[in-house]
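What follows is a single structure, written as structure tokens, with notes after it.
Laboratory data are not the source of any read-out in this text; all were calculated from the coordinates shown. Since we're looking at a predicted model, the values are computed, not measured. Note that each Cβ is placed from the backbone with ideal geometry, even for glycine, and that neighbours are counted across all protein chains shown.
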């Protein structure tokens with residue numbers, strides 16, 4: 001029994017099923033299944049690893065209930081016909097063999113169909129804007145008839161029976177996140193005037209009919225849960241008060257547990273919250289619903305650390321916690337919490353870079369920015385090196401520390417050099433804004449792992465002569481700010497973005513930030529929220545180009561609450577003693593400022609690498625030293641190199 005997290009690690013029941021702890025893996029699309037919806041060997045390896053990490057229950061991802069319009073995305077799992085049962089049985093057994101209760105989520109996508117293929121259906125002819133915004137597809141949903149609704153109701157029941165036959169012990173009905181059931185529940189997407197529209201009673205009708213059909217087919221003793229969004233966060237959507245009434249009605253119909261999330265794919269920052277949104281973002285909704293029902297409540301959404309989970313469970317915020325992205329960042333999160341080793345948990349920083357931007361949105365198998373093993377289970381395992389080598393790592397940023405960790409675990413003799421005096425590299429600057437504090441636990445985790453592995457850290461600059469004694473040198477030398485060749489750029493008023501972040505107290509009241517990429521936009525937002533008068537200047541027609549969708553949406557909301565002035569299609573031409581000169585579409589203009597911050601990107605620092613190669617030394621680049629990139633690149637390049645060397 002954990003002394004630090006006793007409630008989190010204690011057993012509890014959902015229906016007649018006992019879980020060894022209060023941790024459920026929340027269902028998430030993996031993109032690893034076969035195109036026909038059958039289970040792949042890759043998915044088996046993935047779910048086996050997730051189960052082996054210590055969670056009490058693994059809820060397998062969205063499984064579509066019919067072959068007509070329920071499937072939302074490529075490689076979604078199917079449970080629509082009996083041909084899916086053998087693979088699902090294999091999957092359930094692998095989860096059970098690895099120590100977790102197997103559960104599965106069943107679903108119909110409704111209008112929220114990422115495939116964009118017909119048929120697209122819903123309660124009303126209201127299209128999903130994202131299909132047009134992201135995929136260029138404009139499709140008005142087919143309005144479901146009463147007969148078609150009943151077919152879908154029965155499809156859910158049949159799917160639940162298949163889940164039971166396959167050996168799953170819990171089935172979860174997906175009634176959240178903007179999919180079909182939510183399309184009926186939300187006034188945003190339901191404009192019907194029959195038994196399924198209008199009043200709250202009518203809008204919740206399909207939920208109750210599905211639960212009745214499921215219960216009829218699986219029997220009274222089989223555990224059935226449902227996932228709900230506390231609210232869809234739409235301006236004219238459904239409030240928490242209506243969700244509470246739905247929860248009470250579901251309890252009367254015999255639901256065994258309610259899994260509370262929030263938002264939909266249109267309001268994605270409330271569903272897959274980025275770090276600019278507070279942690280445990282939807283816990284408030286779980287807490288409110290728990291006040292009105294007696295069945296177990298599963299709280300989920302950005303519960304990144306065990307201390308947050310324990311607090312929720314001990315303050316009437318829920319009976320269980322659902323963890324999604326945290327178990328991608330570290331599948332052993334539950335086991336480490338149970339062993340009172342939270343410092344060894346690789347924390348999810350909610351960057352959404354690996355799980356959304358580079359995978360789900362591009363129809364690829366999911367991965368994690370911090371954990372390259374996800375979707376490569378069995379391929380990227382850390383194994384002992386054939387021969388131990390003496391390796392120097394120059395640079396104590398995320399890439400350098402990750403290489404050092406993995407190489408040390410493989411048996412290499414590692415020494416790390418860091419001239420700044422602190423570890424973390426540019427993560428220290430990245431974590432400076434209050435809204436990016438999720439990064440701080442990551443720095444702490446990496447530093448802790450170096451200490452536990454006994455990796456010596458030389459806090460000084462490493463010269464060529466220092467590196468002669470090593471068999472190989474890893475250049476994790478990072479990147480430096482790009483300074484444009486513009487008149488006046490060397491004036492005292494002008495500073496680069498990294499210098500500005502480290503000297504916030506010296507920044508004047510009136511600030512111009514030049515460069516509206518990620519760093520510039522974050523710096524400008526941070527200053528604006530601190531009370532500075534900020535003008536953000538960007539050469540392109542829009543700021544935050546290439547920024548993760550969820551970050552873009554979250555930052556846009558925060559920027560809208562400030563007085564920040566944004567000037568796009570604007571070119572910096574000169575730095576003055578009291579501001580800058582810019583060129584706009586309408587001519588030249590002066591912008592007055594006390595401080596000018598140049599956030600025009602970063603360039604790879606490869607000087608040491610070039611020296612080493614010239615001297616004939618075995619040397620490698622990782623992270624930003626290859627090309628200034630993102631945290632994903634830092635971890636993936638260093639991890640993969642450490643497995644090869």
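One table, with the values for the structure above:
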{"quantity": "Largest-first ellipsoid semi-axes for the stretch 535-595, taking √(5λ) over the Cα gyration tensor eigenvalues, angstrom", "calculated": "24, 14, 9"}
{"quantity": "Computed E for residue 509/residue 212 - FRET, C-beta separation, R0 51 angstrom, nearest 0.05", "calculated": "0.20"}
{"quantity": "Antiparallel bridge percentage (DSSP; both residues within the stretch 12-362; nearest 5)", "calculated": "10 percent"}
{"quantity": "Inter-probe distance in nm under a simple model that places probes 7 Å from Cα toward Cβ, at residue 487 and residue 307", "calculated": "5.4 nm"}
{"quantity": "Cα shape, the chain, gyration tensor, a/c 1.5 rule", "calculated": "oblate"}
{"quantity": "Highest to lowest packing among 507-516, 4-13, 200-209, scored as the average C-beta count within 10 Å", "calculated": "507-516, 200-209, 4-13"}
{"quantity": "Angle in degrees between helix 205-218 and the longest Cα principal axis of the chain, rounded to the nearest 10", "calculated": "70 degrees"}
{"quantity": "Where a label projected 7 Å from the Cα of residue 10 along Cα→Cβ would reach, residues of the stretch 320-334 with amide N under 15 Å", "calculated": "320-321"}
{"quantity": "Mean Cβ neighbour count within 10 Å, used as a protection proxy, ranking 449-456, 405-412, 313-320 highest first", "calculated": "405-412, 313-320, 449-456"}
{"quantity": "Segment residue 82-residue 202, extension gain: residue separation times 0.36 nm, minus the distance between their alpha carbons", "calculated": "40.0 nm"}
{"quantity": "Degrees, to the nearest 10: 549-560 long Cα axis against longest axis of the chain", "calculated": "80 degrees"}
{"quantity": "Net lengthening on full extension, residue 385/residue 192 (0.36 nm per residue, minus Cα-Cα)", "calculated": "63.0 nm"}
{"quantity": "Sorted by Cβ density within 10 Å, fewest first, the residues 252, 290", "calculated": "252, 290"}
{"quantity": "Relative exposure of 393, 279, judged by other C-beta atoms within 10 Å (fewest first)", "calculated": "279, 393"}
{"quantity": "Share, in percent, of DSSP beta bridges within the chain that are antiparallel, nearest 5", "calculated": "20 percent"}
{"quantity": "Whole-Å distance, taken between Cα centres, linking the stretch 299-353 and the stretch 514-557", "calculated": "30 Å"}
{"quantity": "Computed label-point distance, nm, for sites residue 18 and residue 150 using a 7 Å Cα→Cβ extension", "calculated": "4.3 nm"}
{"quantity": "Convex hull volume of the stretch 240-341 per residue (C-alpha atoms, cubic angstrom)", "calculated": "111 Å³"}
{"quantity": "C-alpha long axis of helix 439-452 to longest principal axis of the chain, angle in °", "calculated": "70 degrees"}
{"quantity": "Residue 315-residue 539 FRET efficiency (beta carbon distance; Förster radius 51 Å; 0.05 resolution)", "calculated": "0.55"}
{"quantity": "Rough spin-label spacing in nm, given labels placed 7 Å along Cα→Cβ, for residue 560 and residue 361", "calculated": "1.8 nm"}
{"quantity": "Residue exposure sequence - 255, 645, 303, 482 - by fewest surrounding Cβ within 10 Å", "calculated": "482, 645, 255, 303"}
{"quantity": "Pairwise centroid distance, computed over Cα atoms, of the stretch 1-74 with the stretch 201-229, Å", "calculated": "20 Å"}
